[in-house]
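What follows is a short report on a single structure.
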2 protein chains.
Amino acid sequence: MLNNLERIKIEKPVDKIIEQLRSLIISGDLKPGDKLPPERKLAERMGVGRLQVRDAIRKLEFYGIVKTLPQSGTIVAGLGISALEGLITDVLKIEQSDFKSLVETRVILEKQSAYFAALRRTDEDIVEMSNALEAYQANINSGMNAVEEDLLFHLKIAEASKNSVLKSLMMIITPDIVNSFISLEVCDDRNIEKPLDEHRRILQCIINQDAEAAADAMQEHLQDVLDYSNQVDLTKSKK
Amino acid sequence: MLNNLERIKIEKPVDKIIEQLRSLIISGDLKPGDKLPPERKLAERMGVGRLQVRDAIRKLEFYGIVKTLPQSGTIVAGLGISALEGLITDVLKIEQSDFKSLVETRVILEKQSAYFAALRRTDEDIVEMSNALEAYQANINSGMNAVEEDLLFHLKIAEASKNSVLKSLMMIITPDIVNSFISLEVCDDRNIEKPLDEHRRILQCIINQDAEAAADAMQEHLQDVLDYSNQVDLTKSKK
DNA sequence: GACCAGCATTTGGTTAACCAAAATAAAGGT
DNA sequence: ACCTTTATTTTGGTTAACCAAATGCTGGTC
């Protein structure tokens, strides 16, 4: 309904600064490893406040593009110029991920997560996953919204996979998943029993340490969403 | 050599603030959707400067946990409390990812990336990937370090996969990969021809639109690193 | 009584001044 | 001539004051 309003182009000032930093680096004389101009100089040259430059550097540092040493300076990290060129532009666009890519990637991560969880789960992991599943079931039975508990169950699987990066990436895309689901109104109240059964089946495969079956069960569980995302993509392409 | 020095526990103040915010949210009365205390109150209550609270909120906002509206307040985003509990703790630890998880996850992403690239690549993508491969080859032939060009080739494959999220995630973990490689000195100068051949083979599979073969070629290409990461993991567990 | 204009307060955003650590330059001693 | 030591400048980090927009309140008007 308010999707039309979302298109207000908010060119946040920090993004413009990042863009200028990008051209500064690409234009040449900033090899990886040597330090870029101090914050004051950058602020002055770009005609903006120093705090905004600071924020831009923070964001770049968060992505590992630069490394700032206190009271010493900010250096560009090991990643090279050629890679940076494509990198920074997409850092800016990382939020506007399209729904299809989002779901597609989620399926990949979840499948592997279930696969590794089946191989590596401990007894404690089983308890955690079972508890999450029960909370999910309880909310469904009382007719409440169970989106949180649904995600919590998937998160517990990721924990059982013993792969911290896999779990972190899943958590990174999870908020986008939720937002997309809400805005697209996918979470309608039909099919309240089916996902519950699928969750139970996934858990059973993990308990049995059958990795292939767990991955398949997860694939099937997410297949509906995947199909839906393809439909959405088709309808959106008409716009 | 300086790995011993890396263990200096730097409990950055902003992380402590995030931790306190977490307990604030979990402790109860902050339902998702309503706004948390203003920055000044938080700074006063925690006994820290306001700018640090500000940075913590920025970081949380970046992860989509909260949403800050200018001149109005900061609200916690849609994601629920139960999910947040596990989420924020790992946001703090997202940087210290262990090498094995890093490589393992990279293999997953790269395999799928090659798979989709084979299915969806355009003629323009082929040109881009070929150029990256040539640049890689040129640097190798002249005896220079080709890490950047190596990654650039993989990045072009991700672009050809037409999955923006997949590409973004790969770019998120790439800096960590590079840092780990450097600190562990994996990139020794032996085997300079083998990866080049593997790159060519991967590209050929993608051009042929043979998705399975492309994924297998990528798997084989990264198998050495994967094996090495398992060794490292074993040696590190002795420490 | 409902509604709206206008004022005061709240709140995130911004600026400028200041601080301490680090790097650099300079001086002095060997 | 070289190294050590010290003083100065540079640099990121921090604090406090200020700004503009947004919210809530108040009083008046219809």
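The set of residues in the stretch B:42-52 being more than 9 Å from DNA strand C (Cβ to nearest atom) and on the phi < 0 side of the Ramachandran plot consists of B:Ala43, B:Glu44, B:Arg45, B:Met46, B:Val48, B:Gly49, B:Gln52. One residue stands out among those in the stretch B:60-73 that are on the phi > 0 side of the Ramachandran plot and near DNA strand D (Cβ under 9 Å from one of its atoms): the one that is nearest to the chain's Cα centre (by Cα), which is B:Gly73.
Of all residues in the stretch B:45-59, those that are within 14 Å of another protein chain (Cβ to nearest Cβ), more than 9 Å from DNA strand D (Cβ to nearest atom) and within 10 Å of B:Pro13 (Cβ to Cβ) total 1. Give the residues of the stretch A:160-202 that are surrounded by fewer than 19 Cβ atoms within 10 Å (Cβ to Cβ) and at pLDDT 85 or above, sorted by residue number. Correct list: A:Leu196, A:Asp197, A:Glu198, A:Arg200, A:Arg201.
The values are calculated or read from the model by the stated rules, or taken from the named source; none is laboratory data. Note that the structure is a prediction, hence the values are computed from the model and not measured. Please note: Cβ atoms are built from the backbone with ideal geometry, for glycine as well, and neighbour counts cover all protein chains shown.
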